[in-house]
Amino acid sequence: MLIFGGDVLSGTTINANNYTVVVTGNNNGTINSTLTLSGSSTLDFDSSTTEFNDFSNYLSNLNANSLLDYPNGTQHGEAKFNADSSVGIGLVVFNIDASELFGNNLVQQYNLVLNNQSPSAVVINVAGEVISDATMGNPVGGFNESNSDFMIWNFYQVLEINLNIQLHGSLLAPLATLSTSNNIDGSVIENDFEQNGEAHNNLFTGTITYDPISVVTAPTQPTAVPVPSSLLIFAAALFGFGVWRRRSA
């Protein structure tokens, strides 16, 4: 299911083949879908906005257990996300600043190295309010479509994202205006979407233990409880809170 949490303004056809589309605002575009519904949704967007903000904040407070090795001198090279060898089947967490990867003109490519492990999920927390990958190299190695269903890019501070390269993994940026010109292999959660690339149905199937109560009381010591209902959307739909726009190429 594809849910538009506001108006659709489209200069080209939005292709959602074999999926139902729900538009809660005005539909001023052409949508290719199995069924398009307008005017209402069973989803409580106000509640969902709060839950996704809380979830993003929770992830951002997880302690990093793995490191990004990136070029920061004068030599171009590969930025390498190295999963610590002690992770095993646990959760891999990277905490990085946007300047280390996005906009780093020394990064010729970026790679994910799992070191022969099978983590329950990979979380990449990215600090920074404005993000652009205009000078950044392409994903290689472990960043591929087959791994995208257990990866989350958490842009917990960002207000504006401009993506030109393909991104593997789900994108969580509940505060942001997102602009794309390439594909995203995963669920997309953001405030406003200016879409010039495809969003593929690589749904998040990883495992992250999350207790909403612990966001305030003990963010690094979660208790296993059922996931809040609207967080299930993260693994079931492509979803946004504000106005989605698909511009003509």
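Yes or no, residue by residue, for (1) surrounded by fewer than 17 Cβ atoms within 10 Å (Cβ to Cβ); (2) closer than 25 Å to VAL107 by Cβ; (3) at pLDDT 85 or above:
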| residue | (1), (2), (3) |
| --- | --- |
| LEU159 | yes, yes, yes |
| ILE165 | no, yes, yes |
| SER179 | no, yes, yes |
| GLY197 | no, yes, no |
| ASP211 | no, no, no |
| ALA218 | yes, no, no |
| PRO222 | no, no, no |
| LEU231 | no, no, no |
| PHE239 | no, no, no |
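Kindly indicate whether any position in the range 39-49 is surrounded by fewer than 19 Cβ atoms within 10 Å (Cβ to Cβ) and modelled with pLDDT of 80 or more. Working first, answer last.
Taking the range 39-49 as the starting set, the residues that turn out to be surrounded by fewer than 19 Cβ atoms within 10 Å (Cβ to Cβ) are 39-47, 49.
Filter once more, so that each one left must be modelled with pLDDT of 80 or more: none.
Within the range 39-49, none of the residues are surrounded by fewer than 19 Cβ atoms within 10 Å (Cβ to Cβ) and modelled with pLDDT of 80 or more.
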- Does TYR110 qualify as being surrounded by 19 or more Cβ atoms within 10 Å (Cβ to Cβ), in contact with a Pro (Cβ under 9 Å, 6 or more places away or on another chain), in a strand (DSSP E or B) and in contact (Cβ under 8 Å) with a residue 24 or more places away in the chain? yes
- Matching residues in the range 144-156 - criterion: being over 10 Å from the mean Cα position of the chain (by Cα) and without any contact (Cβ under 8 Å) to a residue 40 or more places away in the chain: ASN144, SER146, ASN147
- Query: Quick one: what pairs do we get from the range 122-136, first residue within 12 Å of GLU160 (Cβ to Cβ) and in contact (Cβ under 8 Å) with a residue 60 or more places away in the chain, second surrounded by fewer than 22 Cβ atoms within 10 Å (Cβ to Cβ) and of a type in the set (Lys, Arg), C-beta under 6 Å, 6+ apart or different chains?
  - Reply: none
- Message: Residues that are without any contact (Cβ under 8 Å) to a residue 60 or more places away in the chain, closer than 19 Å to SER60 by Cα, part of a loop (DSSP other than H, G, I, E, B) and among the acidic types (Asp, Glu): does the range 78-86 have at least one?
- Response: yes
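The values are calculated or read from the model by the stated rules, or taken from the named source; none is laboratory data. Model, not experiment: these values are computed from the prediction. Methodologically, a virtual Cβ is constructed for each residue, glycine included, from the backbone with ideal geometry; neighbour enumeration extends over all protein chains shown.
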